[in-house]
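Below you'll find the structure, written out as structure tokens, and then a few comments.
The values are calculated or read from the model by the stated rules, or taken from the named source; none is laboratory data. Note that this is a predicted model, so its numbers are computed, not measured. Quick reminder, even Gly has a Cβ in these numbers, built from the backbone with ideal geometry, and neighbours come from all protein chains shown.
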Amino acid sequence: MAAKEILKMGHPLLRRPAATLEPPFGDDIFELVEEMRASLEAAGGVGLAAPQIGVSKSLVIFEVPEDRVRMEEGETASGVPSTVLINPKITPLSDETALGWEGCLSVPGLRGLVPRFTHIRYEGLGLDGRPISIEARGFHARVVQHECDHLLGILYPERMTDMRYLMFESEVPRFMESLREAAAAREATAANAEGERRD
Ligand SMILES: [Zn+2]
């Protein structure tokens, strides 16, 4: 199955709420999933929503690479194999949110720090029409929230609370370095103040 062109921010279809699908799912949906898998593989990424290839239907695919979550969340974190989620619904299981870097194949070249719920339950249907109900945390929860937003016509920059943290991917390492330097300078100032009080 050939990879499809991925629509970019500004395309009206990315703004439209996607249509709910009725099981049982037939060849048209199986083909859609194959096209989405081919497109995701060609573009490189962890998830894709059907509207991103021009199909306004409530279906996302995603995976959570184990090496990536272990690097960020420790050795006990586990990955999620390639998953198809149809007509998803997300319920936050806590009010806690965390900032994390996101990118999007529809917003190429950019990265942003986006607040997301850290603990959610997502429900929907699998490609076989059976119900799915899964509790997710951390990066897994972030990926699902990002992909499901596409089905509501929402792109990640709209979820950002501080637009200073929207930047080109190539600038992220320099930006992170400047944050580390600012934190080190604050620590040095605090240590000096402590020293002066002792003198
Ligand atoms: Zn996206």
**OP:** Could you check, for the range 169-181, whether at least one of its residues is hydrophobic (A, V, I, L, M, F, W, C) and in contact with a helix residue (DSSP H, G or I) (Cβ under 9 Å, 6 or more places away or on another chain)?
**Re:** yes
Subject >> Members of the range 137-177 found to be hydrophobic (A, V, I, L, M, F, W, C), over 13 Å from ARG111 (Cα atoms) and in contact (Cβ under 8 Å) with a residue 60 or more places away in the chain, listed by number >> reply: PHE139, VAL143, VAL144, CYS148, LEU151, LEU152
**OP:** Kindly list, by first and then second residue, each pair from a residue in the range 96-111 that is outside any strand (DSSP E or B) and away from the ligand (no atom under 12 Å from the Cβ) to a residue that is at pLDDT 95 or above and not basic (Lys, Arg), limited to pairs with Cβ atoms under 6 Å and residues at least 6 apart or on different chains.
**Re:** GLU96/THR118
**OP:** Give me the pairs, please: first residue somewhere in the range 41-63 and over 13 Å from ASP149 (Cβ atoms), second residue anywhere and outside any strand (DSSP E or B) and among the polar types (S, T, N, Q), beta-carbon distance under 6 Å, and either six or more positions apart or on two chains.
**Re:** ILE53/SER39
Original post:
Restricting the range 20-66 to residues that are among the β-branched types (Val, Ile, Thr) and outside any helix (DSSP H, G or I), which is surrounded by the fewest Cβ atoms within 10 Å (Cβ to Cβ)?
Top reply: THR20
